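Presented below is the structure to which this report refers.
The values are calculated or read from the model by the stated rules, or taken from the named source; none is laboratory data. Bear in mind that the values here come from a model prediction, so they are computed numbers and not experimental data. Here the Cβ positions follow ideal geometry from the backbone for every residue, glycine too, while neighbour counts run over all protein chains shown. Side chains included, ligands, DNA and RNA excluded: accessible areas come from the protein's heavy atoms. Shrake-Rupley method; radii C 1.70, N 1.55, O 1.52, S 1.80 Å.
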Amino acid sequence: MASDIYGTLHMNEKEKIWIILPYGNERGGLETIAAKLIDRISKGHGRRCIISIPRHTTSMEYTANFDKKLCTIDWMITGHGLRGSYLLWSAVALFGTLVRLLMFRPKLVIINLPFAFGCLGPMLALALAGQKTIAIHHHAAPLEECSSILRRVYQWVFRRNQTWVAVSDDARIGLARFYGVNADLIKRIYNGLPPLSLETGSQSLRSELGVQQ
């Protein structure tokens, strides 16, 4: 996935990529994929990355192994996982994103979204600034309907120099339905999986199930 996204960019050594991870209190598949993306961009391509993530014990442990020579860690409120009004924290995140855009001046912003409706504040701020953005949706959209106001906001965001990526065709179609946008304009890039030999996989499964050969 990293090579597919990065291969479309034409950047020089001094240009920066800003990666936003909305959640800092958990580490799962999304965070593992994001870490591989960061490693590929910074070490494989020698580009400087700025990683913004909410400050939390888990996120501090998660980012501890990043190469600090090529990666700058920025503790940022993204509007998620906080008590109180979601809209209020989204407004705080919107303002914080605009300030960081002026500070970082990135060539590209990549947002790794665990949910279709995530990261409203940063996404709206990036759209207002016309910043080139790739929003990677790692899960399918909810089955319930999106509110008409939120749908119109995201439709406007979608048209503002943003490329949305889904990790499957089903997720791509679900996102298009949820927000009322053209599915053909949402890219589909599968998450990569490490190669696993059949022999190793079979042995591991037998051992896990307690089955003798």
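Per-structure values
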quantity: For I111: the one exception among (1) closer than 22 Å to G174 by Cβ; (2) in a helix (DSSP H, G or I); calculated: (2)
quantity: Filter pass, S197 being at pLDDT below 90 and loosely packed, with under 10 Cβ neighbours inside 10 Å; calculated: yes
quantity: Of all residues making up segment 53-108, the number that are open to solvent by less than 10 Å² (accessible area, probe 1.4 Å), small (G, A, S) and out of contact with any helix residue (DSSP H, G or I) (no Cβ under 7 Å at 6 or more places or on another chain); calculated: 1
quantity: Residues satisfying the stated conditions in segment 115-145, i.e. modelled with pLDDT under 80 and under 18 Å from M76 (Cα atoms); calculated: G118
quantity: Qualifying positions in segment 173-194 - in a loop (DSSP other than H, G, I, E, B) and either surrounded by fewer than 16 Cβ atoms within 10 Å (Cβ to Cβ) or touching an Asp or Glu at 6+ places or on another chain (Cβ under 6 Å) (or both); calculated: G180, N182, I189, Y190, N191, G192, L193, P194
quantity: Unmet criterion (only one of (1) surrounded by fewer than 19 Cβ atoms within 10 Å (Cβ to Cβ); (2) assigned to a loop (DSSP other than H, G, I, E, B); (3) not charged (D, E, K, R)) for A141; calculated: (1)
quantity: Cβ pairs under 7 Å, 6+ apart, first in segment 88-114 and among the hydroxyl-bearing types (S, T, Y), second open to solvent by less than 40 Å² (accessible area, probe 1.4 Å); calculated: S90/G79; S90/L120; S90/G121; T97/G121; T97/P122; T97/A125; T97/L126
